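Every read-out reported here was derived from the displayed coordinates using simple, explicitly stated rules and does not represent laboratory data. Predicted model, so just to flag it, every value in this text is computed and none were measured. Every residue, glycine among them, receives a Cβ derived from its backbone with ideal geometry; neighbour counts consider all protein chains shown.
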Amino acid sequence: MLSHEKNAILTQSGPDRPLGKFLRSFWTPAMTAAEVPAADEPPVRLQLLNENLVVFRDSEGRVGVLEEHCPHRGASLFFGRNEEGGIRCVYHGWKFDVTGACMEMPTEPSTSRMRHNVKARSYPARIAGKLLWVYMGEGAAPELPAFEFIGLPGESIYASRWHQECNYAQAMEGELDSAHVGFLHRMVSKIDADHQALTGKYFQEDTAPSWKLLSTEAGFMACNGRRVDGDKRYWRLNQFLLPFYTMIPPRPGDAQLVRMWIPMTDERCWVICVTWRPEAPLGEQELAAWRNGENSHRRVIPGTTTPMERKDNDYLIDRQLQKTVSFTGIHGVRAQDAMVTESAGPIADRSREHLGSSDTAVVAMRRTIIEAASACAASGQAPAAVAKPWLYNVHATQAVLPEGMAPEAADEIIQTARARAPQQENA
Amino acid sequence: MLSHEKNAILTQSGPDRPLGKFLRSFWTPAMTAAEVPAADEPPVRLQLLNENLVVFRDSEGRVGVLEEHCPHRGASLFFGRNEEGGIRCVYHGWKFDVTGACMEMPTEPSTSRMRHNVKARSYPARIAGKLLWVYMGEGAAPELPAFEFIGLPGESIYASRWHQECNYAQAMEGELDSAHVGFLHRMVSKIDADHQALTGKYFQEDTAPSWKLLSTEAGFMACNGRRVDGDKRYWRLNQFLLPFYTMIPPRPGDAQLVRMWIPMTDERCWVICVTWRPEAPLGEQELAAWRNGENSHRRVIPGTTTPMERKDNDYLIDRQLQKTVSFTGIHGVRAQDAMVTESAGPIADRSREHLGSSDTAVVAMRRTIIEAASACAASGQAPAAVAKPWLYNVHATQAVLPEGMAPEAADEIIQTARARAPQQENA
Amino acid sequence: MLSHEKNAILTQSGPDRPLGKFLRSFWTPAMTAAEVPAADEPPVRLQLLNENLVVFRDSEGRVGVLEEHCPHRGASLFFGRNEEGGIRCVYHGWKFDVTGACMEMPTEPSTSRMRHNVKARSYPARIAGKLLWVYMGEGAAPELPAFEFIGLPGESIYASRWHQECNYAQAMEGELDSAHVGFLHRMVSKIDADHQALTGKYFQEDTAPSWKLLSTEAGFMACNGRRVDGDKRYWRLNQFLLPFYTMIPPRPGDAQLVRMWIPMTDERCWVICVTWRPEAPLGEQELAAWRNGENSHRRVIPGTTTPMERKDNDYLIDRQLQKTVSFTGIHGVRAQDAMVTESAGPIADRSREHLGSSDTAVVAMRRTIIEAASACAASGQAPAAVAKPWLYNVHATQAVLPEGMAPEAADEIIQTARARAPQQENA
């Protein structure tokens, strides 16, 4: 459980909140690159960390991320004209470039210097790894986190975005919480269960995983082990990376993945999922399954970020299917996650919880964020991980080890999961 | 009129409010038995006294009423699996029986004692008189109120439930307030007026009834008398029974009825109506009229508790009908009541009222509830009526008496209306 | 920019606010006469200055404007019966005349005097100039403002009403702010630009008008001048008349117009537009253009005051049209105005603005209202303009003058724009 005070630190991301300051010291993933308008095309809206923004691409293809409201009298730049190097507010023709500088203020006399004193709030933006990244903090932007997928060819990456009707931390809890996999995502019918390794026999053999948390400079690795095959232990190593990234191990042969849980408001979040293959293009079959929301990604109403299965339609739960086929009767692993996390309310009252050993990683994530946010707000210093982008070049992984062997002692686990500093690579 | 303070006592039913404590010392009628799921069928949601609950029936047919949110991390048990003796949260497979005891906590090690320390909030429930009753109070549940219809054969009882968009007390006022009958429910066309005794000539002959309140141990009997047929007085005796029951006298030959006005939130209430015949099955014709919302009951969108005629569609008022047929142009006596009570707002501002003699029973009801709730909250003692279920075995009734004769002096009135303690029956 | 305190004075119109008291010392235009029900027809709802009202016409054709809620127990008089000289609440048959006097209280004994002590809150109402006017202030109502269109024959006046999703002051700013015309309403395609004088070449020749404010007893005349045709200045004189009237000069040959920006709640306003020809009937072509929302008026969903192009449908913006035909891609000059004013939020945060010379009239309007409202609230005195209805008999106008000539020195401007006191006319 968590006091109301600590819950507020964990969940409130406005610019004047400890978490808000903390999050703003990192780059924030904001949308997929495919959602960013083309050069000179109309802007799109973006709500991020409790701020209302517009995103556009100028005539030279540079991406601009500006506060939605014109600094003049607040008209929305969403309705603006994106033309000839900047976005123009249609109210009075004030025009801003991607840095927020006022290029023209045609309603003032030509002798006026006023335009030099007015700036639209703007944030640096980059496109990398098929995502748009925004830096909403003070000072110079750091390097982007060096996720493995950044830099891969396009055909090796698939990224999608949807929104979820609850606080980002609550949504993310559903990912760190490995113990739920054996229930929420279980197939009830024997045939399906056999075919789905993710929800397959290891998760049924031992439903109460043991935990081992390994701290990293960017968060922690949450190892959860299940007693299987008599005398072995099936270890899964999940990654939690500040401020809101999670990785869970893919099934053997499957693509790598990271999910990003980004505050939109305090009661809503974006989820961005990237799946990638480090050494090959993605396959048609896996792409089709992702687009259809079967796993990893979620299916949405085309052209929107609104999931098909969602809170206000009870996730299209099929009670007959729930009896005979899947544990929930809800289509898609991610929709199942959304159902349990959203149904606790927009911001869960964590003072009423009863936490057990299965919540080990959830508790660690909360503590890590609360401590890091509090420290950042108190010191005004960016967290150490911000300056070490290579910390993000990691994988989640899994292995079956002899019972008694610590996961961190297994090369096959640690080689894959541990980040390497550039100097180490050169050594 | 009522001060803001007293209005708050009258209207706020959360668990920490005086009224909330008071209401929780009684059994609360919650839904019709027909709405309770069958054994092992999916649970349904129930909002009651500002709490969110789920209702299910376990494999043995026992009814469970649990807080909607799992005590673990708050996922909704509405999406749970109702199977093999309890409801299982699909997030982590925690399973609860109808008493809220945790039967399984499979994500904890088999040696863990944790499940014995976690309980889902649960409330005792009973099905009686075609209704589901829930006891939301402390300590052992009392006996159910001994309404006459409880124990009758099913074919003699008809129960329905709908919701109303205002506070329970405001909704109930429309029932105790006999004086409105001659107006709100009046038929304008002469032919219809002659055919409808309820809205018939007695209500037109004298529109300003006199009042006589007779206290009972469970509330009061509100007698209202109209000067009719020259030198007689038509007395109607309505029952008000704590905490929120009302009975109005049926027309001669018609079924008995009780209406129950149950807080859902402070700005919404359930209405449950039971009509019954003590000595015979109900007739097809009266059943059809009830289902169609002509009187006593209200017509709803099939499969829901949402009335067809309601606030957000202006009760489908037909202004032409209002000119020529009925006083309101609105279909159904209960929809007419809902219109006047809901249109005063979700919680009426009673500091701005102008009350007259016609409001005698309304004033008495408010005072009775406010005093009883305040006393209950101050003393922590359940009201006396809770321990005397026989107080609820009463009828509303009516008679035409010689002018000057007190209604309580008339055997035909008092014999029907007065509750009898068991020892009196045995005497 | 404006402090939060001053913004509150400018924007909050409830009866206990400085602005609320101030506005209530004037007649308030409330709806078009065409929207007022006929004698004995059902009442209609009206929200005005944060009050909920009903409007009806009694059997003799007198208009009644009463508080929506019955003074008895608050049932809505909207559902009432309008018959035989008054409106009757259908709950208990209490009946009120257009002055709010209780004509009948049939649920009280015939000897009761109670009805003489109960009054429905009522406001004097008049129909003039095809509008309904309501006086919501204390004491005797003043004379109606003597707008020129009041008293003209019906065929010379066209009035319409719609609602807007922001505070009245913000909506009105879009009208006083002449500088925006050259942008917001600009035609992008050359052909259209040449044909539309309003958005024509003078607005393109000089986009940074100079300003000259001329105080009047009822507000001010805002003259804005553009350098045109080499050595001339195109002056437009807009009228601002307390408390919320604006006039902009019609194109030569076009009808006169006034717009009225009336608080509904603090976050919504009515807009009433009247166009008229002092000396001739209106033409079919201009009427068609007004009904279609091309200019001056706004097109609405038939039978409602809801605009077709509105906030929740992004004003049906057509991005292709925005590239090739009009500056906004939005149909109708008034919808374009609504888009920019509404998109700043229901009540703009004026502490974050950056005002320039183009905002001269906007700033003056705010200051004038804030000062007048504060003075009225402090003194309890009605503003001077209330007692001088002739101040409203003015026009907005325009002229091309030699550069250097002050607009107030030009007869052609001042003759048209200046109000004349009755004694002056007689002199």
Calculated P(r) of the protein assembly as shown - Cα pairs past 58 Å, %: 31 percent
Calculated FRET efficiency for the pair C:ARG367/A:ASP16, C-beta based, R₀ 35 Å, to 0.05: 0.65
Near-label residues of region C:21-44 by backbone N, under 19 Å of a point 7 Å along Cα→Cβ of C:ALA8: C:21-23
J(HN,Hα) series, region C:330-335, from Karplus relation 6.51 cos²θ - 1.76 cosθ + 1.60, nearest Hz, glycine and proline x: 10, 6, x, 4, 6, 5
Shielding by partners, peptide A:106-118 (average Cβ within 10 angstrom, other chains): 4
Only Lys, Arg (+1) and Asp, Glu (-1) charged, at Cβ; the protein assembly as shown dipole about Cα centre in debye: 1020 debye
Under 5 Å, built H, 5+ apart or other chain: amide partners of B:LEU132: B:ALA30, B:MET31, B:THR32, B:ALA33
Projected area averaged over orientations for region A:154-426, convex hull of C-alpha atoms, nm²: 16.1 nm²
Debye equation applied to the C-alpha atoms of region B:27-135, log10 I(q)/I(0) at 0.15, 0.16, 0.19, 0.24 Å⁻¹: -0.56, -0.63, -0.87, -1.33
From the C-alpha gyration tensor of region B:128-244, square roots of 5λ in Å: 33, 18, 15
Under Karplus coefficients 6.51, -1.76 and 1.60, residue-wise ³J(HN,Hα) of region A:83-89 in Hz, glycine/proline x: 7, 6, x, x, 9, 10, 5
Mean Cα-pair separation over length for region B:154-426, i.e. relative contact order, pairs under 8 Å, 6 or more apart, %: 26 percent
Helix-only mean residue ellipticity at 222 nm for chain B, each DSSP H run of n ≥ 4 adding -39500 (n - 2.57), per residue, nearest 500: -6000 deg cm²/dmol
Calculated label separations, C:ARG62, copies of the chain, 7 Å along the beta-carbon direction, nm: 7.1, 7.1
Region B:27-135, dipole about Cα centre (Lys/Arg Cβ +1, Asp/Glu Cβ -1), debye to the nearest 20: 240 debye
Alpha-carbon Debye profile of region A:89-164, log10 I(q)/I(0) at 0.13, 0.25 Å⁻¹: -0.62, -1.14
Beta carbon of chain C nearest to the axis of the rotation taking C to B, residue and angstrom distance: C:ASP312, 10
Cα gyration tensor shape of region A:292-427, rounded if a/c is under 1.5, else prolate or oblate by comparing a/b with b/c: prolate
Within 10 Å of each Cβ in A:339-347, the average number of Cβ atoms from other chains: 5
Exercise: per-residue mean of other protein chain Cβ atoms within 10 Å, C:75-87: 4
Region A:40-55 - phi-based ³J(HN,Hα) in whole Hz, Karplus 6.51/-1.76/1.60, Gly and Pro as x: 6, 8, x, x, 10, 7, 8, 9, 8, 6, 6, 10, 9, 10, 10, 10
Gained length - B:THR416 relative to B:GLU205, 0.36 nm times residue gap less alpha-carbon distance: 73.4 nm
Whole-percent pair-distance distribution, where bins are 5 Å wide, for the alpha carbons of region C:311-351: 6, 23, 28, 20, 12, 7, 3, 0
Exam field: A:LYS119 pseudo-label spacings to other copies (7 Å along Cα-Cβ), nanometres: 6.1, 6.1
Estimated FRET transfer efficiency when R0 is 51 angstrom, pair C:THR324-C:GLU155 (beta carbons, to 0.05): 0.85
FRET efficiency estimate (nearest 0.05) - Cβ-Cβ, A:MET114 to A:GLU60, R0 22 angstrom: 0.25
Separation of the B:ALA101 and A:ILE127 label points, Cα + 7 Å toward Cβ, nm: 6.2 nm
Top of A:PRO263, A:PRO302, A:PRO109 by mean-square fluctuation, Gaussian network on chain A, Cα under 10 Å: A:PRO109
Loop-resident sites, region C:1-109, for GluC sites (Glu not before Pro), counting at most 13 other Cβ within 10 Å (DSSP): C:GLU60, C:GLU84
